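For reference, the structure discussed in these notes is given below.
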Amino acid sequence: MRIACVQSNVVFGDPAANARNAVAKLEMLAEQSVQLAIFPEAYLTGYCVSSQADADAIAVPAGDDAIKTLREACDRLKMVAILGFAEAQDGVVYNSAVLLESGVAPRFYRKSHLPDLGLDKFVQPGNEIAVFDTHLGRIGILICFDLRAPEATRSLALQGAELVALPTNWPEGAEVSADFITVARAAESRIFVATCNRVGEENGFRFIGRSKIVHPTGRVLAAAGADEDVLVADLHLPDAREKRTVAIPGKYETDVFSSRRPELYGRLVETAG
């Protein structure tokens, strides 16, 4: 599977403009035989708001015209795309990502771990971490701060995810997530991890870029700097199904799943106090 992470800036509060930019990128990537394109967190709407009223103002419903435009492009190009947006539903705002697959109705993930930052100060958390079956493979979606809780990625891996896609808005100060936690999450569960950050400035915040595509061994397949960029990598998904590492046959072998001791991990699901 050939995937791309489209590290880019965002037009704040203008879903139509962002959708047009995304369609142009999808058309370019289709010519490179890319099958899955990942865009940043809150890509369609922007992220940096300072009040509930501001969050409500930028949020759009799941059936917004911008999403319809992108769905039509994915159908036409026979591609899969993952994009973030502020979602409005029944008077509530969520930080969501949409999975658009050619010939399939849109599917959605809502960010479940919320920092005290920007849009996330004014949204409700999602209550499900699920794997999406696609014609390309089994894909899990997390958003930005979701990556900091190791249990979220491990949950997806235990459900059979081969790739975890992470639309993100890492601002200055989040370098450890981009440079180290991304790699750790891939290696600790032996899955592919693709992070797509944004760049530029928005309402007082500067975003750092540093998107990555990481192999289940922790090897970085592609990495971006601080400017707009498009990362492309070819993934051999069966690599994510092999949880055993054989360094020296019969002498040095490890298995990240069979070595687990769930009976020791009860504290992981207790409420912190």
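The values are calculated or read from the model by the stated rules, or taken from the named source; none is laboratory data. Here the structure is a predicted model, which means the values were calculated and not measured. When we count neighbours, we look across all protein chains shown, and the Cβ atoms used for this are built from the backbone with ideal geometry, even at glycine.
Points to keep in mind about this one:
- Close pairs from the range 58-84: first within 20 Å of ALA194 (Cα to Cα) and among the basic types (Lys, Arg), partner outside any helix (DSSP H, G or I) and at pLDDT 95 or above, Cβ under 7 Å, at least 6 apart: none
- Residue ranges of strands (runs of 3 or more DSSP E) in the range 112-184 with at least 3 members at pLDDT 95 or above, within 23 Å of ILE3 (Cβ to Cβ) and aliphatic (A, V, I, L, M): 163-167
- Every condition in (1) within 18 Å of ALA224 (Cβ to Cβ); (2) surrounded by 21 or more Cβ atoms within 10 Å (Cβ to Cβ); (3) of a type in the set (A, V, I, L, M, F, W, C); (4) free of Cβ contacts under 8 Å to residues at least 60 places away in the same chain holds for CYS196 except the one numbered (4).
- Checking GLY209, GLY204, GLY225 one by one, the residue that is under 23 Å from SER8 (Cβ atoms), in contact (Cβ under 8 Å) with a residue 40 or more places away in the chain and surrounded by fewer than 19 Cβ atoms within 10 Å (Cβ to Cβ) is GLY204 and no other.
- Subset of the range 67-98 that is buried (at least 21 other Cβ atoms within 10 Å of the Cβ) and in contact with a Ser or Thr (Cβ under 9 Å, 6 or more places away or on another chain) - its residue that is farthest from SER50 (Cα to Cα): MET79
- Evaluating LEU136 against the criteria (1) within 15 Å of the chain's Cα centre (by Cα); (2) surrounded by fewer than 22 Cβ atoms within 10 Å (Cβ to Cβ); (3) in contact (Cβ under 8 Å) with a residue 60 or more places away in the chain leaves one unmet condition, (1).
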